Amino acid sequence: MNHPETSRRVPGFESWSLPSHPFRFVYFAAADEHCEHATYHDQLVIAEVLLHRVMGARARGIQPVNLHLHAGQHCFQRTRSGRGSGDSVEDMRWVDRDGFSRARPLSREQLTRELMDRLGVSLLRAIDLVTCESHALSSEDQSWLVLRSSLPILERPLNGSEYLILVRAIEAAYAVPPQKSGTEKSSSCAANAAIALRAARGLGWLHEDFTSSPFRVAALSTAYKLGHHDYLARRASFARATDERLRFSHARSSVKMKAKLARHRAEHAALLASRALVAATMFDVRLGMPDAAASGSGGTPRAMPSAANPTPGRLVA
């Protein structure tokens, strides 16, 4: 249950999000690195590289983004308080009862049990000590970091800091610099805007729980909400069908309970995504997911069809 490849997944649900082929933006002819498009091109490169890492992790079946972890955390770095063999919480994370260093630091759950056994404190007190006086992570996050560190750097999934860098790069790719009049350049601007919108919608397929849109641009935010709702609605539909199939089967009660909990969690996430999409439909002007041919020179999206506007009542059985 704590494995990063299977945790929090709906049993049997095979998801797809981004296309299998890599994203490729359109670059403008530049005389040198000091031209007006140099900074824009740098953001396009960042977006392409990070999207490639996301798609590679997704293809491997690994959680592609972990919003809980950020750069500079001390999960596998010994701090000064964790170098001795004293009785501090950080020492217990790194050193066992015999004074020997652990091959891997304890996770948050393991450290909580260790404090309860060694200090005789209550569960709530142990959780408070672990949270306030140590850098311990949950078993799921720690396993994800270990798996991430074993992969090549160009295939590693993104942490929270890298995910925000990707979001800002997609926003920069959508805001194409002003171009001179011309059919070729206008079509290039529309292509980059359309690719950025498809990337924003694809990011909505990466989170298995409801997550608010990280984009500041209205069109990209709406595209993200469309993809996020589509993904969560599919998960809820599959979880509902799985629960109904197992309810009258001869499966073990633990399997039935797991399917029921997965259904409730998936339906709740889908309902939240539906409400966010309805709010975007009511207050956002630029809606829908355009393709390159349907976008104008500024990448203006088409209106969202009425069939794509979900109602919350259809998501819960």
>> I need SER274, SER149, SER221 ordered by Cβ neighbour count within 10 Å, fewest first.
In response: SER149, SER221, SER274
> So how far apart, in nm, are the two label points at ARG125 and GLU244 if each is 7 Å from Cα heading toward Cβ?
Replying inline: 5.1 nm
>> Quick check: the distance between the Cα centres of the stretch 133-153 and the stretch 192-217, to the nearest angstrom?
In response: 25 Å
> Gain in length, ASP42 to GLU133, computed as 0.36 nm per residue apart minus the alpha-carbon separation, to one decimal in nm?
Replying inline: 28.7 nm
> Which value in nm describes the separation of the simple spin-label points at SER187 and ASP98, placed 7 Å from the Cα toward the beta carbon?
Replying inline: 7.2 nm
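Every number in this text was worked out from the coordinates using simple rules, so none of it is lab data. Here the structure is a predicted model, which is why all the values come from computation and not from measurement. Heads up, the Cβs are rebuilt from the backbone with ideal geometry, glycines too, and the neighbour counts pull from every protein chain shown.
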